[in-house]
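Here is the structure we will look at.
The values are calculated or read from the model by the stated rules, or taken from the named source; none is laboratory data. None of the values given here were measured: they were computed from a predicted structure. Using ideal geometry, Cβ is built from the backbone for each residue, glycine included, and neighbour counts are taken over all protein chains shown.
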Amino acid sequence: MGARVTRMFRNFNLENRVHREISKEKPAVAPRHAGSVPPPAGSAEAAEIADSMNQKNAPLLALLRSVYVESKDPAAAAAAAEASKEATAGTEAERRPLRFSLPGDPYGLVELTDVPKGKLTIAEALKALSSHQRQPETWTPEKISQDYSLDLKDTKALLRFFIPFQVQIIPPKSTNAKQIKAS
């Protein structure tokens, strides 16, 4: 009920109030600041400003000539530093021969012959993890890190967090359930 009453008062004589507001004289625009008003195009001030902009300022020109900028591409500098490191260090000492690989052309990749020290191929990682899982007393983290030229800390983390192909057989709830027999 209250909404009806407020709507009636709000819409009362709406057209007359709108026409009265529209017919009012518009307020005058605030005057602009004298400094921001550009001089007229044909005036003497405009010509004077244009001349001062086109003239050479000798002290500023001398300062500009004294500046010397030498720029270097960071990517090119890093590549040059890397190339110099590789030239000084023997590449044979940084790589090790491949210990294990999958037969054929796995995953459509080119067959590798050597691997950087501190890195493993997927096949080597799976072989090392499965060997450790089957014989943990023989394949200790120390032996794996020594055989594959890995850091001991990384090898322990690898063996702790990556467990490949762990098969668990869950027994059925009832004795009547069918089971797949191993052949």
**Asked** So, of the residues in the stretch 69-109 that are exposed (fewer than 10 other Cβ atoms within 10 Å of the Cβ), of a type in the set (D, E, K, R) and in a loop (DSSP other than H, G, I, E, B), which turns out to be modelled with the lowest pLDDT?
**Response** D105
**Request:** Examine the stretch 126-134 for a residue that is surrounded by fewer than 13 Cβ atoms within 10 Å (Cβ to Cβ) and at pLDDT 80 or above, and state whether such a residue exists.
**Result:** yes
**Request:** Would you check if there is a residue in the stretch 111-124 being at pLDDT below 70 and either part of a loop (DSSP other than H, G, I, E, B) or surrounded by fewer than 13 Cβ atoms within 10 Å (Cβ to Cβ) (or both)?
**Result:** yes
**Item:** Contacts under 6 angstrom Cβ, first residue in the stretch 130-153 being farther than 23 Å from Q168 by Cβ, partner surrounded by 14 or more Cβ atoms within 10 Å (Cβ to Cβ) and not aliphatic (A, V, I, L, M), 6 or more apart
**Value:** P141/T155; P141/K156; I144/T155; S145/T155; S149/R96; L152/S145
**Sole exception among (1) of a type outside the set (A, V, I, L, M, F, W, C); (2) surrounded by 15 or more Cβ atoms within 10 Å (Cβ to Cβ); (3) part of a loop (DSSP other than H, G, I, E, B); (4) at pLDDT 70 or above for P164, by number** = (2)
**Prompt:** Of the residues that sit in the stretch 12-52 and are surrounded by fewer than 10 Cβ atoms within 10 Å (Cβ to Cβ) and polar (S, T, N, Q), which one is modelled with the lowest pLDDT?
**Reply:** S36
